[in-house]
Amino acid sequence: MEDISVITAISHPLRRRIYDHLLLYGTTQVTTLARALKSQVGSISHHLRMLERAGLVQRESDPVGDRRTSWWRIARRGLTWSVDDFSDSPSEAMLAREAQRQGIRMQIERLQRWQRRHDDPAFAAYDASNTETMAWATPDELRDLSARVLTALADWRDTVDLDDGQERTPVFFFAHAFPTAP
């Protein structure tokens, strides 16, 4: 189970963008992050320290030994949690519900941005997918499904050879599994 401080740290929109940038691009200098995310260096530095306190990112030595610059990298990859993890604490459950709402908003906004840009010639070769299904499951079976999806994603990600000379663009995959009715 994740600590609520980790969940609240990553649920801030700019912090999530910082985390995602570091996931994709690896160790990055603060001014490069600020430029890429169109934000002020001071703001990026503040949010990096918040992510550091949560154990999500860590400082990295400057590759050329210049101590005047600040470099950061991911400290851990991926989070899995549920609002139900915090049911013992009403205040933490409230924070987790808000973090979940923020996460869903971010996922939907990314999907809507893609839909607005899918005709862009830069993405012509990309055939985005939509996958959904209905099935019967116990709570344990649903947890098992989530674990299997995470394993499949990690296995797939690890097979991508980023040094093979092919041009790639970042892709986003999200899934929700929950009880429902037809």
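The values are calculated or read from the model by the stated rules, or taken from the named source; none is laboratory data. Just so we're clear, the structure is a prediction, and the values are computed from it rather than from any experiment. Here the Cβ is made from the backbone with ideal geometry for all residues, glycine too, and neighbour counts use every protein chain on show. All accessible areas refer to the heavy atoms of the entire protein, side chains included, with ligands and DNA or RNA removed. Shrake-Rupley method; radii C 1.70, N 1.55, O 1.52, S 1.80 Å.
Some points to look at:
- Residue check, Ala137 surrounded by 10 or more Cβ atoms within 10 Å (Cβ to Cβ) and within 21 Å of the chain's Cα centre (by Cα): no
- The set of residues from the stretch 86-100 being open to solvent by 50 Å² or more (accessible area, probe 1.4 Å), farther than 23 Å from Tyr19 by Cα and touching a helix residue (DSSP H, G or I) at 6+ places or on another chain (Cβ under 8 Å) comprises just one member, Ser87.
- Under the condition of being closer than 24 Å to Arg68 by Cβ and open to solvent by less than 60 Å² (accessible area, probe 1.4 Å), the residues counted in the stretch 15-26 number 4.
- Of the residues in the stretch 58-72, not one is open to solvent by less than 40 Å² (accessible area, probe 1.4 Å), within 23 Å of Ala99 (Cα to Cα) and under 18 Å from the mean Cα position of the chain (by Cα).
- Qualifying residue in the stretch 102-123 (condition: among the aromatic types (Phe, Trp, Tyr) and part of a loop (DSSP other than H, G, I, E, B)): no
- The lone exception for Ala122 - which of (1) farther than 20 Å from Arg15 by Cα; (2) at pLDDT 90 or above it fails: (2)
- Residue, surrounded by the fewest Cβ atoms within 10 Å (Cβ to Cβ), within the stretch 144-180, restricted to residues that are of a type in the set (Gly, Ala, Ser) and within 24 Å of Arg105 (Cβ to Cβ): Ala175
- Among the residues making up the stretch 66-99, those that are part of a helix (DSSP H, G or I) and free of Cβ contacts under 8 Å to residues at least 40 places away in the same chain are Val83, Asp84, Pro90, Ser91, Ala93, Met94, Arg97.
- Residue in the stretch 33-46 that is more than 19 Å from the chain's Cα centre (by Cα), closer than 25 Å to Thr169 by Cβ, in a helix (DSSP H, G or I) and not aliphatic (A, V, I, L, M) present: yes
Table: residues versus (1) more than 20 Å from Trp81 (Cβ to Cβ); (2) loosely packed, with under 10 Cβ neighbours inside 10 Å; (3) without any contact (Cβ under 8 Å) to a residue 40 or more places away in the chain.
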position: Arg105; (1), (2), (3): no, no, yes
position: Ile108; (1), (2), (3): no, no, yes
position: Gln112; (1), (2), (3): yes, no, yes
position: Arg116; (1), (2), (3): yes, yes, yes
position: Asp119; (1), (2), (3): yes, yes, yes
position: Ala122; (1), (2), (3): yes, yes, no
position: Asn130; (1), (2), (3): yes, yes, yes
position: Thr133; (1), (2), (3): yes, yes, yes
position: Leu142; (1), (2), (3): no, no, yes
